[in-house]
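Reviewing the structure listed below.
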Amino acid sequence: HSVSVAGVVIDADGRVLVIQRRDNGHWEPPGGILELGETLEQGVQREVMEETGVQVTVNGLTGVYKNMNRGIVALVYRCSIAAGNPRTSSESAAVRWVAKDQIDVLMSPAYATRVHDAFSPTAASRAHDGVNLIDPS
């Protein structure tokens, strides 16, 4: 298994900061593999900064997700902007704010669910195959 972290950055208007990945063209919340020697929150802050140019405050864990095919466990956190303006990077072909109702159009179910879960008052625990959620039963 490997561990990844992601930040669902939500602005005052309820919009979400998303990236279009350069490697596969998919829209997702910014995130990536946690590095040795960093806390979970530091990993979220680093990944969001690397991919969007924005410094964030990590506000809390919103879900834990396992990609069953690849053995990746992702911890997703709700974040707010502390400083900076969104920009692209070597990892993101596009960065933009989107309304919550656009998430299902832009993202596969496995990633859209992470964003929707970030609006919930309780953390979720889910499994997926990289694209679709897997029924827990």
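The values are calculated or read from the model by the stated rules, or taken from the named source; none is laboratory data. The structure presented is a predicted model; accordingly, all values stated were derived computationally and were not measured. Positions of Cβ are generated from backbone atoms using ideal geometry, with glycine treated the same way; all protein chains shown enter the neighbour counts. In case anyone asks, the SASA skips ligands and DNA or RNA and just uses the protein heavy atoms, side chains included. Shrake-Rupley method; radii C 1.70, N 1.55, O 1.52, S 1.80 Å.
With +1 on the Cβ of every Lys and Arg and -1 on the Cβ of every Asp and Glu, and nothing else charged, how large is the dipole of the chain about its Cα centre, in debye rounded to the nearest 20?
The calculation lands at about 80 debye.
What does the net charge come to around Tyr111 if you take all other residues with beta carbon closer than 12 Å to its beta carbon, with K and R at +1 and D and E at -1?
0
Multiply the residue gap between Arg22 and Ser90 by 0.36 nm, knock off their C-alpha separation, and tell me the result in nm, one decimal place.
Between Arg22 and Ser90, full extension yields 23.7 nm more.
Give me, ordered by chain and number, the residues 5 or more places off Ala124 or on other chains with an amide H under 5 Å from its own placed amide H.
HN-HN under 5 Å from Ala124: Gly63, Val64.
Which distance in Å, rounded to a whole number, links the C-alpha centroids of segment 18-65 and segment 93-115?
14 Å
If eta is 0.692 mPa s and T is 37 °C, what Stokes-Einstein diffusion coefficient results for segment 76-128, Kirkwood Rh from Cα pairs, in µm²/s?
For the chosen part, D equals 252 µm²/s.
Whenever you get a sec, compute what percent of the accessible area on the chain sits on carbon and sulfur atoms (1.4 Å probe).
On the chain, the fraction of accessible area on carbon and sulfur atoms equals 50 percent.
Could you report the chain's accessible area per residue, 1.4 Å probe, as an integer in Å²?
Numbers: 6920 Å² over 137 residues.
About 51 Å² of surface per residue is accessible.
With a Cα-only, solvent-free Debye model of the chain, what are the log10 I(q)/I(0) values at q = 0.11, 0.22 Å⁻¹?
So the normalised log intensities are -0.33, -1.53.
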